[in-house]
Amino acid sequence: MQEKNIIEVKNLSKVYDGVVETIALRNINMSIREGEFVSIIGPSGSGKSTLMHILGCLDKPTSGEYIFEEKNISHFSEDELADIRKTKIGFVFQQFNLLPRATVLRNVALPLVYSNVSKKEREVRAGKVLEETAFPKEFWNHLPNQLSGGMMQRVAIARALVNDPILILADEPTGNLDSKTGEKILATFKELHHRGRTIILVTHDRYIAEQAKRIISLKDGEIIEDKKIEESEEFKIMRE
């Protein structure tokens with residue numbers, strides 16, 4: 001059965017005013033369906049970061065439409081966009097962005113604070129998502145500086161999942177990790193996709209992008225390629 005579109009972008013452009021006007025995005029048209037695993041790739045200056053900020057409701061387009069869950073949110077207020085970020089989108093960043101003095105469990109539970117969830121329920125839900133992502137229980141009360149880079153990123157992924165968002169947006173999630181650890185993080189995203197999560201992964205690395213099921217390539221603010229990737233035999237075997 002064909003899934004519904006979570007995201008539709010129609011003739012979307014972003015222009016930054018300054019001494020010289022800068023066109024960051026030009027007439028972008030794309031859609032992302034529920035359950036897709038999509039990578040957005042492009043070199044520095046291609047517009048991928050701007051597009052990520054708009055898709056993540058961190059910025060607004062200058063013109064065009066951004067339809068999220070069948071609602072045109074292009075002109076939503078800052079408060080309305082904040083509500084979408086809080087309840088609908090889970091973010092994973094290159095820098096982890098963990099609270100240094102909070103335990104793993106408290107870091108994962110943090111988004112629930114802003115949803116007015118009780119402390120007891122926050123701990124239960126945080127523990128559940130840590131278990132789902134196979135994060136070792138003996139580390140739940142550790143601080144971030146007691147963890148490896150890979151473990152910190154897994155905490156960040158668990159935090160992104162704790163509100164059960166309909167979309168996970170990952171910005172260069174392996175950028176601060178060695179290649180072996182990065183592979184483990186990519187395997188985590190693949191498993192989340194296998195469970196039905198919708199994931200957008202933003203990267204400049206072609207190899208990382210090809211771990212998704214579809215690649216959208218940007219150059220000079222325009223989409224120059226949008227293609228599907230066949231699942232590798234290696235990952236098919238791993239899933240079996």
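The values are calculated or read from the model by the stated rules, or taken from the named source; none is laboratory data. Since the structure is predicted, the reported quantities are computational estimates derived from the model, not experimental observations. Every residue, glycine among them, receives a Cβ derived from its backbone with ideal geometry; neighbour counts consider all protein chains shown.
When the range 142-151 is filtered for residues that are part of a helix (DSSP H, G or I) and either small (Gly, Ala, Ser) or more than 18 Å from Glu131 (Cβ to Cβ) (or both), the ones remaining, listed by number, are Pro144, Asn145, Gln146, Gly149, Gly150. For the range 94-116, a residue qualifies if it is surrounded by fewer than 18 Cβ atoms within 10 Å (Cβ to Cβ) and either among the aromatic types (Phe, Trp, Tyr) or over 21 Å from the mean Cα position of the chain (by Cα) (or both), and the qualifying residues are Pro100, Arg101, Ala102, Tyr114, Asn116. If you take the residues of the range 9-31 that are among the β-branched types (Val, Ile, Thr), surrounded by fewer than 21 Cβ atoms within 10 Å (Cβ to Cβ) and in contact (Cβ under 8 Å) with a residue 40 or more places away in the chain, which of them is nearest to Ser217 (Cα to Cα)? That would be Ile23.
Tell me the residue from Gly221, Gly182 that is modelled with pLDDT under 95 and either under 27 Å from Ser44 (Cβ atoms) or surrounded by fewer than 19 Cβ atoms within 10 Å (Cβ to Cβ) (or both), please.
Working: Gly221 fails: modelled with pLDDT under 95.
Going through Gly221, Gly182 in turn, the sole match is Gly182.
Within the range 38-48, can you find the residues that are surrounded by 18 or more Cβ atoms within 10 Å (Cβ to Cβ) and either in contact with a Phe, Trp or Tyr (Cβ under 7 Å, 6 or more places away or on another chain) or hydroxyl-bearing (Ser, Thr, Tyr) (or both)?
Keep residues of the range 38-48 that are surrounded by 18 or more Cβ atoms within 10 Å (Cβ to Cβ), which gives 38-42, 46-48.
Within the range 38-48, Ser39, Ser46 meet the criteria.
Only residues that are of a type in the set (Val, Ile, Thr) and either over 17 Å from Asn163 (Cα atoms) or in a helix (DSSP H, G or I) (or both) were counted across the range 113-127, and they come to 2.
Selection within the range 63-76: residues that are in a strand (DSSP E or B) and of a type outside the set (Ser, Thr, Tyr). The member of this set that is surrounded by the most Cβ atoms within 10 Å (Cβ to Cβ) is Phe68. Restricting the range 34-62 to residues that are polar (S, T, N, Q) and not in a loop (DSSP other than H, G, I, E, B) leaves a set whose member that is nearest to the chain's Cα centre (by Cα) is Ser39.
Of everything listed in (1) in a loop (DSSP other than H, G, I, E, B); (2) within 26 Å of Lys88 (Cβ to Cβ), the single unmet condition for Glu230 is (2).
Take Glu210 and tell me if it is under 22 Å from Ile89 (Cα atoms) and modelled with pLDDT under 95. Please lay out each step first, then the result.
Working: under 22 Å from Ile89 (Cα atoms): no; modelled with pLDDT under 95: yes.
In short, no.
So which of Leu130, Leu99, Leu110, Leu105 is in a loop (DSSP other than H, G, I, E, B) and in contact (Cβ under 8 Å) with a residue 12 or more places away in the chain? Working first, answer last.
Working: Leu130 fails: in a loop (DSSP other than H, G, I, E, B); Leu110 fails: in a loop (DSSP other than H, G, I, E, B); Leu105 fails: in a loop (DSSP other than H, G, I, E, B).
Being in a loop (DSSP other than H, G, I, E, B) and in contact (Cβ under 8 Å) with a residue 12 or more places away in the chain holds for just one of Leu130, Leu99, Leu110, Leu105, which is Leu99.
Of the listed requirements (1) among the small types (Gly, Ala, Ser); (2) farther than 28 Å from Ser39 by Cα; (3) at pLDDT 95 or above, Ala126 misses just one: (2).
When Gly64, Gly35 are screened for being within 25 Å of Val162 (Cβ to Cβ) and out of contact with any helix residue (DSSP H, G or I) (no Cβ under 6 Å at 6 or more places or on another chain), only Gly35 passes. Look at the range 190-217: where a residue is within 15 Å of Lys48 (Cα to Cα) and in contact (Cβ under 8 Å) with a residue 40 or more places away in the chain and a partner is basic (Lys, Arg) and crowded, with 20+ Cβ neighbours inside 10 Å, sitting 6+ places away or on another chain with Cβ atoms under 8 Å, you get Val202/Lys48; His204/Lys48.
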